[in-house]
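Heads up: the structure comes next, in structure tokens.
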Amino acid sequence: MRALITGAGGFVGAHLQRHLEDCGDEVTATDRVTDGLDILDAAALLEMFRRCQPEVVYHLAGASDVGGSWQTPQATFRANAEGTLNILWAAREAGTERVLTIGSADIYGKVTADDLPITEDLALRPVSPYAASKVAADYVALQAFLGYEQHVVRARPFNHLGPGQTDKFVAPALASRVAANEIEGNSVVRVGNLSPQRDFTDVRDVVRAYRLLVDKGHAGQVYNVCSGTAIPVQDLAERLISMAQIPMTLEPDPDLQRPVDIPILLGDSSRILADTGWKPEIPLDQTLEDLLNDRRKRLQAET
Ligand code: A2R
């Protein structure tokens, strides 16, 4: 399978590229750093599609920083909504057979206890500018299916984590603080809001889901990619400090709070299981151990 990955230089892209290559796919990886291609440049995008002739596109490029989107709503909207529009257009023009778009569970937004576990049919109530941009991208993709009969499958990943993720997200940020404390001999780990509950999946399971969705997902359909279990961020933080080489404690820090936190995101993964057979395989403690070791290695390399 000739596959194109947009945003290949990002956290998920690197894992996806490895997975596709392991599966024997012929992969073209594009991102702003290596080839300078901006998905907002539709003409350049089309030229690249015509040159590579991908059979499938995994569209990962976009603005992924949920917290940062409050400061950059316009740029976030353009990268995610207009960027997706451009990818779908270029794919149609170049005759690409399938496109996988990557949304986000954040688009469910303000959910109540009655809504849990969240199925794909729940009304969308986005809270952050990031979530609104992903709602728009999701509907652009749906329109491509309904209006152009384009083979588009839409993924809605819940929180995913693993080696290589930046510290803009809670688990890697905590892992970095734990790894730094080990070197500096500090015992206090500063934390933001620990009460939100999230449905965490290892990024290596997530990229496996993406390939299965391209292969077996139904055209036009939307799929939650989640574990079906939610745990409080507090639990995640406690698991991480329990893996530390010296005793540590958690200390609240008001500077680390986000403007709005969705209290709970817990997904229903029945649809992806039924259509592709996918379910997560890597236990959370394994993921956290790998994440912490990744941070230790990075810090050692820097010192
Ligand atoms: O910002 P950069 O230069 O590091 O590149 C990011 C790229 N990207 C773009 N590429 C081309 N044209 C753009 N206008 C543009 N804007 C952003 O997308 C980066 O290489 C990639 C996103 O990687 P991460 O921020 O590490 O996101 P992650 O965690 O890999 O998430 C992948 C997808 C995103 O759509 C998320 O919203 C979703 O999964 O959860």
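Computed from the coordinates by the stated procedures, all read-outs in this text should not be read as laboratory data. Here the structure is a predicted model, which means the values were calculated and not measured. Cβ: placed from backbone, ideal geometry, glycine included. Neighbour counts: every protein chain shown.
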* Structure fact -> Quick calc, E184 & T119: beta-carbon distance into FRET formula, R0 35 Å, rounding 0.05, result 0.15
* Order of I5, I262, I246, I231 from fewest to most other C-beta atoms within 10 Å? -> I246, I231, I262, I5
* **Cross-link reach list, lysines versus K134, counting only Cα pairs under 25 Å and skipping chain neighbours closer than eight places** => K110, K168, K216, K279
* Where q = 0.12 Å⁻¹, what log10 of I(q)/I(0) comes from the Debye formula for region 22-163, counting one point per Cα? -> -0.51
* At q = 0.10, 0.22 Å⁻¹, what log₁₀ I(q)/I(0) does a Debye calculation on the Cα points of region 94-197 give, no solvent, two decimals? -> -0.44, -1.20
* To do: Take the eigenvalues of the Cα gyration tensor for the chain, scale each by 5, and report the square roots as semi-axes in whole Å, largest first.
  => 32, 21, 18
* Structure fact -> Site E21, offset 7 angstrom along Cα→Cβ, radius 20 Å on amide nitrogen, limited to region 199-241, gives 203-212
* Asked: If one takes the longest principal axis of the Cα atoms in the chain, at what angle in degrees, from 0 to 90 and to the nearest 10, does the Cα axis of helix 11-22 lie?
  -> 60 degrees
* Structure fact -> The helix 83-94 Cα axis meets the longest alpha-carbon principal axis of the chain at an angle in degrees, between 0 and 90 and rounded to 10, of 30 degrees
* Of A75, G10, H218, which is farthest on the positive side of the dipole of the chain, counting Cα position, with +1 on Lys and Arg Cβ, -1 on Asp and Glu Cβ, and the Cα centre as origin? -> A75
* region 88-122 residues near the modelled A219 label - backbone nitrogen below 18 Å, point 7 Å along Cα→Cβ -> 88-101
* Structure fact -> Taking Cα atoms only, helix 170-184 is inclined relative to the longest principal axis of the chain by an angle, in degrees rounded to 10, of 40 degrees
* **Computed helical MRE - 222 nm, the chain, DSSP H runs ≥ 4 contributing -39500 (n - 2.57), nearest 500** => -13000 deg cm²/dmol
